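Only one structure is covered here, and it is reproduced in the block below.
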Ligand SMILES: Cc1cc2nc3c(=O)[nH]c(=O)nc-3n(C[C@H](O)[C@H](O)[C@H](O)COP(=O)(O)OP(=O)(O)OC[C@H]3O[C@@H](n4cnc5c(N)ncnc54)[C@H](O)[C@@H]3O)c2cc1C
């Protein structure tokens, strides 16, 4: 029997069976071909918190103790595991650092399955793979709930930088703890020693002992080993820029077809969808699903098929003249790929108030997660916007805020919000919708936070000022295409990427047999676009995911028509360990002819002008 302590009992009680399933001897035998048998003496470590874990262990003989240990030196046992148990959590699919210590209690014989073979196991042994995957995901959830194995942030709960770092870790499903030095002695001592100036806070104490003073997200990610080490000379079949629904969908479809895929995201997986408290119109989830839960599954799924996901990694430039195509990252690295998929979606639009930036992260929010919501408990707040994203935020925040003033620039919500959300907002008694209304001024101190908000009714001219410390803005989004500036990729008048038949004939044409770009191909050969970033796309999760699948099919056509070859000899160039450079190990059932038919029959961006005309927030 497994015993467990140190984690939330409720979680353990309900999920213990699924979290710690035992494998029968014949099942272990089926797994032997994926690993190598290793022996450990009593006391020897199998996992060390903060060190890259070697893979998943299946215990054959003997038992191990799993212990949580935080960087401040506190430790507590989590569970003891014995023959038939497996030791891992979901990070071992992609070679992430361990969140726990694991030591042999007695002489241990274990099958060590390295990350690449663990992914192969998931695919080649689907029934066992499903059980194991389910357990690995539940273990990560339990680690997040208990804050086990990640960094300890030291700072005040309502400090803007604490909220920034907590948001980053939470959105990446990374376990962490927060200690307030005003309430915790250990934290207070560390502050005394390492943070003499208030600007040094928050401290981030990492599992391997590194202490960072008010780090940015990239510094923190690096210290935690979140971004996997890349193989410098490798050329990928597909580089996907953006890990929102469109990018993750492309990654799943392309990687599952055997292409080698690398995915970059500047901040976190999930994109805008990650901000959605409840997506109710995505097919198959009648009770709704949070954007984080939906895209979290996709993130794991993409890795299961072997996609390499680099987060946080921002792409700053695409050079189409390089062969193969070259992507340049903020940290100076350059990644080569035979094809590129632009899935950078859209970025939130900002209010036109002069001193707005003084209050961003200090009372002006573009995200309504539990982290921001807890700050406005029992307060009056302002919510700006009239699209579905604003509606969802209102429904979520109403349980925290005393009153929500919902400011709508137009005459009604009906212009841009789905009826089910309008009905829900109407039924909530602590939301008051003010139409024809805009914020005209924000007041507060730059160092501290927002204190008062003034708004105006544009019809009557009447102005109102209220003591309000939190403003949530959901006023649509603009395409994230600045990084394509010098790439030669044709954009529309609002800077969305043109694809397929929308690409003007004078722009550099693709030559894929038809003489025109494929439906989701841009004006640059071998470069595709999908999701919200694409001109004419329907700005919805379902559409973004569907486009990811369409791009997956079009990549086959690009290959068949020689785009890959023109972008360099990917096979020759692919270096060590390439899963499937273009043309290798593709789905044998998906012939170029079939892929071409499927791809060209897929709806092009140009067929839905009714949605695109209203901008990104329309109809969410
Ligand atoms: C609050 C909210 C609620 C919503 N609710 C719903 C809903 O209920 N139903 C629905 O259908 N739709 C909803 N939407 C819309 C839906 O989320 C979007 O249509 C969808 O997320 C678009 O997916 P995408 O992958 O195209 O782009 P995005 O989701 O915008 O993802 C793009 C990703 O690219 C990354 N990126 C950008 N630039 C770079 C770069 N240079 N380098 C690396 N990475 C980069 C970003 O960090 C981001 O993660 C909602 C949107 C919001 C904001």
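What follows is calculated from the coordinates using simple rules that are stated; it is not laboratory data. Here the structure is a predicted model, which is why all the values come from computation and not from measurement. Positions of Cβ are generated from backbone atoms using ideal geometry, with glycine treated the same way; all protein chains shown enter the neighbour counts.
How do the peptides 527-533, 479-485 rank, highest first, by the average count of neighbouring beta carbon atoms within 10 Å per residue?
Working: 527-533: 31.7, 479-485: 19.3.
Ranked from most to least packed, the peptides come out as 527-533, 479-485.
Distance between the C-alpha centers of segment 211-278 and segment 333-353? Whole Å please.
Taking the Cα centre of segment 333-353 as reference, the centre of segment 211-278 is 12 Å away.
Kindly put 330, 435 in sequence by how many other C-beta atoms sit within 10 Å of each C-beta, fewest to most. Write down the numbers at each step before the final one.
Working: 330 14, 435 17.
Exposure proxy ranking, most exposed first: 330, 435.
Calculate the translational D of segment 112-224 in whole µm² s⁻¹ from Stokes-Einstein, where the hydrodynamic radius comes from the Kirkwood formula applied to all Cα pairs, the temperature is 20 °C and the viscosity 1.002 mPa s. All intermediate terms of the calculation are to be shown ahead of the outcome.
Values: Rh = 15.7 Å.
Translational D for this selection: 137 µm²/s.
Looking at the chain only, what percent of DSSP beta bridges run antiparallel? Nearest 5 please.
Roughly 60 percent of the beta bridges in the chain run antiparallel, per DSSP.
What is the order of 486, 101, fewest Cβ neighbours within 10 Å to most?
486, 101
Sort out for me the Cα centre separation of segment 354-417 from segment 124-161, rounded to whole Å.
28 Å
Measure out, as a whole number of angstrom, how far apart the alpha-carbon centroids of segment 424-459 and segment 21-90 sit.
Each part's Cα centre sits 53 Å from the other's.
Note the full-extension length gain between residue 107 and residue 317 as 0.36 nm times their separation in residues minus their Cα-Cα distance, in nm to one decimal.
70.3 nm
Residue 44 to residue 485: FRET efficiency via 1/(1 + (r/R0)^6), r the Cβ-Cβ distance, R0 56 Å, to the nearest 0.05?
Calculated transfer efficiency: 0.55.
Listed highest first by mean packing, meaning other Cβ atoms within 10 Å per residue, what order do 418-431, 162-175, 62-75, 335-348 come in?
Descending mean neighbour count gives 335-348, 162-175, 62-75, 418-431.
For the chain, what is the convex hull (Cα atoms) projected area averaged across all directions, in square nanometres?
Projected over every direction and averaged, the Cα hull of the chain covers 28.6 nm².
Among the DSSP beta bridges whose two residues both lie in segment 356-475, what percent are antiparallel, rounded to the nearest 5?
Numbers: 11 of 26 bridges.
So the antiparallel bridges in segment 356-475 amount to around 40 percent.
For the pair residue 297 and residue 350, how long in nm is the line joining their label points, each one 7 Å along Cα→Cβ?
That separation, rounded to one decimal, is 3.6 nm.
Could you sort 185-192, 387-394, 282-289, 137-144 so that the peptide with the highest average Cβ count within 10 Å comes first and the rest follow in order?
Details: 185-192: 15.8, 387-394: 27.4, 282-289: 11.5, 137-144: 20.5.
Descending mean neighbour count gives 387-394, 137-144, 185-192, 282-289.
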